Amino acid sequence: MANTFKSYTKANISTTLTDAYTVPGATTTVCIGINVSNTTGNQIIIDIKFDKAAGGADDIYLIRNMPIPSGASYEFIAGSKLVMETGDKIQVLSDTANSVDSLISVLEQT
């Protein structure tokens, strides 16, 4: 079983729920950090959603309607972990077009 630390970025996230990270096939992931940054000159509101591959009934919001001030960033999962299975996703949404950059840090086990 191989363990690999990786990071995934997504720039200019907008007003459509966007897949910031999807667990690859035959992989279990430990998400060790989610960072989002407001790249605009105004406050924005964001959501971070956990989309469970097993079905929509188990999808949950990790953050809902979180205000991020102009030029600021937010670190989610600081000091804790999120275990994810094949096909699970972290999704990000903003109330403003092209306003959020994300960085997802993970340990992938294959």
Taking Lys81 as the anchor, which aspartates and glutamates have their alpha carbon closer than 15 Å to its alpha carbon, excluding any fewer than eight residues away along the same chain? Glu108
Within region 3-109: Cβ-based charge dipole about Cα centre, in debye rounded to nearest 20 (Lys, Arg +1; Asp, Glu -1): 120
Low-density loop cleavage sites - trypsin sites (Lys or Arg not before Pro) in region 15-110, where at most 13 other Cβ are within 10 Å (DSSP): Lys81
Build a GNM of the chain with springs between Cα atoms under 10 Å: which of Ile90, Ile77, Ile32 gets the top mean-square fluctuation? Ile77
Set Lys and Arg Cβ to +1 and Asp and Glu Cβ to -1, take the dipole of region 3-109 about its Cα centre, and tell me which of Ala20, Thr96, Asn42 lies farthest positive. Asn42
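Quick note: the coordinates plus some simple rules give every number you see, no bench work behind them. All of these numbers come straight from a predicted model, not from anything done at the bench. Please note: Cβ atoms are built from the backbone with ideal geometry, for glycine as well, and neighbour counts cover all protein chains shown.
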